[in-house]
1. Which of the GluC sites (Glu not before Pro) found in the stretch 201-297 are loop residues per DSSP with 13 or fewer other Cβ atoms within 10 Å of their Cβ?
2. Please identify every one of the trypsin sites (Lys or Arg not before Pro) in the stretch 2-82 that sits in a loop by DSSP and has no more than 16 other beta carbons within 10 Å of its own beta carbon.
3. Taking square-rooted eigenvalues a ≥ b ≥ c of the alpha carbon gyration tensor, is the stretch 119-228 rounded, prolate or oblate, where a/c under 1.5 means rounded and, failing that, a/b exceeding b/c means prolate?
4. For the stretch 1-117, just say rounded, prolate or oblate: build the C-alpha gyration tensor, square-root its eigenvalues into a ≥ b ≥ c, call rounded for a/c under 1.5, and beyond that prolate if a/b exceeds b/c, oblate if not.
5. Calculate I(q)/I(0) for the chain by the Debye formula, one identical point scatterer on each C-alpha and no solvent, and give its log10 at q = 0.12 Å⁻¹ to two decimals.
6. Are there GluC sites (Glu not before Pro) in the stretch 113-187 that DSSP marks as loop and that have at most 10 other Cβ atoms within 10 Å, and which are they?
7. Among the complete DSSP H segments of the chain, which ones combine at least 20 Å of alpha-carbon extent along their axis with a mean Kyte-Doolittle hydropathy of -0.5 or more?
8. Could you line up R284, R107 from fewest to most neighbouring Cβ atoms inside 10 Å?
Amino acid sequence: MSEEEPTARRYTGARIRVGAGRARLVAGAVPGPGMLAGRFSVLSPGTERRHLAGPDREAGYMTLGRVDEGAGWVLAPVPHGAAFDPACPGAVSAPPGMEPGLVALARFQQMACLGLDRVPTADLSEVVVVGSGPVALGCVLELSRRGATSIRVVTARRHAPIGRAPGVVCVPPEGAGRGRLVIDAVGVPASAAAFTAPGGVLGLLGTPTADDTLDALQVHRSGLAVVGMHELAPTAEGVYQDAFTTVCRWLAEHLDPALATVWCRTVPGGNAPELFALLDAPGRPAEPVMLLDWGTV
């Protein structure tokens, strides 16, 4: 489900509202018949920052719940901590036994999986990913699953945790060079275009703002192929869940479990306002993936 459209309208009791630069907690709701309680929710920092600056609204679009401890987590496109109908459009189910942090990683990798299916090249020998947040992390994991062995990640962050991903070398913008396949994972396409070699492919995985533009003359003269990689671009029925199942299984089989603790931090849901206040601050958590635990509220 789109980060800009977090709702199938079959949910109740969203736990956070944002607007005017701050987040605040609101009371939850008792799940109705057939609904799952929202136990964890996943932050998407770029989306949260945009919404913080806007008008008052419910926050978030990724919440996890399950029937019982033996069942797999269902991840639904509903606001933070809301109770939801597990059959709501856009909900995906993880295999039983996967920890919430791994399910969150799979969700970001699923975005890249669906987007890369639209990229018109199988050549992964010169890949550049711009960004080091959760969307970028999901992208490098998916590139690794597809066989990429050398991935340059453009980031100004020193010691970014994404550098622990297979095949990744973090480089500062001024030393990044160019790649034949460049994936913008931060939503700044004009910047990513500067890292794309003539005749190369520029993939737009991060969500740009309505004001972001690309220089059409630059694209024309450089012979670039520009590809929209939004996860909800039209696909055949069943592809959305199939992609999630594929990446879940790959992560369970190939990812060092210790990396989940390097990349994921779980915070009590009651601390959400303080966490939101740090999203644009130098002291924000180093981990790219953050989960809110509503079982502690």
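We did not get these values from a lab; they are worked out from the coordinates using the rules stated. It should be emphasised that the depicted structure is a prediction, and the values quoted were computed from it without experimental measurement. Every residue, glycine among them, receives a Cβ derived from its backbone with ideal geometry; neighbour counts consider all protein chains shown.
1. Loop-located and lightly packed - E237.
2. Counting only loop positions with at most 16 other Cβ atoms within 10 Å, the trypsin sites (Lys or Arg not before Pro) in the stretch 2-82 are R9.
3. Here the stretch 119-228 falls in the prolate category.
4. Numbers: a/c = 1.88, a/b = 1.19, b/c = 1.57.
Note, shape of the stretch 1-117 comes out oblate.
5. Normalising to I(0) and taking log10 leaves -0.75.
6. Values: sites: E126, E142, E174; in loops: E126.
Here no GluC sites (Glu not before Pro) fit, given the DSSP loop and packing criteria.
7. Numbers: long enough: 100-116 (24 Å, 1.06); 239-254 (22 Å, -0.04).
Once both thresholds are applied, what remains is 100-116, 239-254.
8. Values: R284 13, R107 23.
Listing R284, R107 from fewest to most nearby Cβ atoms yields R284, R107.
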